[in-house]
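**Student:** Sharing a structure here in structure tokens format.
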Amino acid sequence: MDPIAIEDLALLEVLQRVDQCLPLESGDTKIHQRLIDSGLVTVGTDPLQLTSAGIELCKSLQHRVAADAQAAKIVEQRQSGDAAVEGNVSGSADLPMNGVDPDSR
């Protein structure tokens with residue numbers, strides 16, 4: 001799974017700023033207009049407010065960020081677990097991992 005795009009992270013940050021009624025940066029005028037054109041914020045309200053589409057997109061992006069973080073954590077755990085297993089292999093090379101000789105039955 002590819003990590004979330006930097007553009008999506010930037011969009012999430014702007015949507016969260018709008019949701020928290022924080023002022024947008026001075027360079028955010030293009031983004032402000034794009035949010036209005038996309039129907040993600042209300043027109044003519046001060047401060048800006050998220051529309052239902054803006055709220056849903058914000059939630060979706062938050063879930064994606066959380067899923068990416070969880071996936072990265074799982075990958076890290078598996079990699080550290082694989083390294084630990086590789087370093088702890090012991091016993092006879094002729095016996096399977098459970099230590100029981102299949103020919104002795």
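All of the numbers you see were taken from the coordinates with simple rules; none came from a lab. Predicted model, so just to flag it, every value in this text is computed and none were measured. A quick note on method: Cβ atoms are made from the backbone with ideal geometry, for glycine too, and the neighbour counts reach across all protein chains shown.
**Student:** For Q49 paired with D8, estimate the spin-label separation in nm (one decimal), with each label point 7 Å from Cα along the Cα-to-Cβ line.
**Tutor:** Rounded to a tenth, the inter-label distance reads 2.9 nm.
**Student:** Still on this model: If you look at just the Cα atoms of region 6-85, how large are its Rg and its Dmax in Å?
**Tutor:** 17.2, 61
**Student:** Can you give the extra length, in nm with one decimal, that the chain gains between E56 and L24 once fully stretched, where that is 0.36 nm per residue apart less the Cα-Cα distance?
**Tutor:** Gain in length upon complete extension: 9.5 nm.
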